[in-house]
1. It is to be established whether one or more residues within region 25-36 are surrounded by fewer than 20 Cβ atoms within 10 Å (Cβ to Cβ) and free of Cβ contacts under 8 Å to residues at least 12 places away in the same chain.
2. Select from region 48-75 the residues that are closer than 21 Å to Ile33 by Cα and of a type in the set (Val, Ile, Thr) and list them in ascending order.
3. Is it the case, given these coordinates, that Leu38 is in a strand (DSSP E or B) and closer than 19 Å to Trp126 by Cα?
4. Can you tell me which residue is nearest to the chain's Cα centre (by Cα) among those in region 24-49 that are aliphatic (A, V, I, L, M) and under 19 Å from Trp145 (Cβ atoms)?
5. From the list Ala40, Ala139, Ala57, pick out the single residue that is touching an Asp or Glu at 6+ places or on another chain (Cβ under 7 Å) and free of Cβ contacts under 8 Å to residues at least 40 places away in the same chain.
6. Does Gly90 qualify as being within 17 Å of Gly141 (Cβ to Cβ), over 14 Å from the mean Cα position of the chain (by Cα) and of a type outside the set (Phe, Trp, Tyr)?
7. Could you list, in sequence order, all residues of region 37-49 that are of a type in the set (A, V, I, L, M, F, W, C) and either within 16 Å of Asp79 (Cβ to Cβ) or surrounded by 14 or more Cβ atoms within 10 Å (Cβ to Cβ) (or both)?
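Nothing in this text is a laboratory measurement; each read-out follows from the coordinates by a stated rule. Everything quoted here is computed from the prediction, not taken from an experiment. No Cβ is skipped: glycine too gets one built from the backbone with ideal geometry, and neighbour counts run over all protein chains shown.
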Amino acid sequence: MTEHDTHTRGPRREPEVLTFAEARTAVVRGRDIPSGELAAFFDASFGALAGFLRSRALSPVGPAFALYPRLPAETTDLDVGFAIDHPLVGDHTTDSGIVVSASRLPGGPAATVSHVGPYDALGDAWRGLLDWASRNGHAPGLPFWEVYVTEPSPTADPATLRTDLFLPVEAERVPPAP
């Protein structure tokens, strides 16, 4: 199963662990992005990616995603992009000066759940998934990622936005602590 296949199903209301295949991607990397600048980073990155993919005859094979190689703090490191249908090699600079890089979403076991609601409630959804993993004896890993199943728009009702969360976990279930 691939994470970009999960968007074709209804929202996953309860967390579960599934095994995913690695997926090739085209991404824009952001490092040390202050939280107040994330929305502008997403907008500029996805705008540049859309034009870049069209210019290279590459097609997304699922919704947009953001991959986080470390836990966010005052700043965030992230890769935003799309899983793509054909390989991309290396780094490419768009007309707007944004660098698009070849990358991959990781494969392997991941705890996953869907969040339906506004983006500003994603922190609570992530805490819920981390708590669930801990209670069920799963050791979480990095990187973790979110797939934006519902494409945001200025007219979208934030209460209807669906974001699928993916948290890598160890393949073997660790017994919960007593």
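1. The answer is yes, given that some residue of region 25-36 is surrounded by fewer than 20 Cβ atoms within 10 Å (Cβ to Cβ) and free of Cβ contacts under 8 Å to residues at least 12 places away in the same chain.
2. Thr75
3. In short, no.
4. Filtering region 24-49 for residues that are aliphatic (A, V, I, L, M) and under 19 Å from Trp145 (Cβ atoms), the one nearest to the chain's Cα centre (by Cα) comes out as Val27.
5. Ala139
6. no
7. Once the filter is applied, which keeps residues that are of a type in the set (A, V, I, L, M, F, W, C) and either within 16 Å of Asp79 (Cβ to Cβ) or surrounded by 14 or more Cβ atoms within 10 Å (Cβ to Cβ) (or both), region 37-49 yields Leu38, Phe41, Phe42, Ala44, Phe46, Ala48, Leu49.
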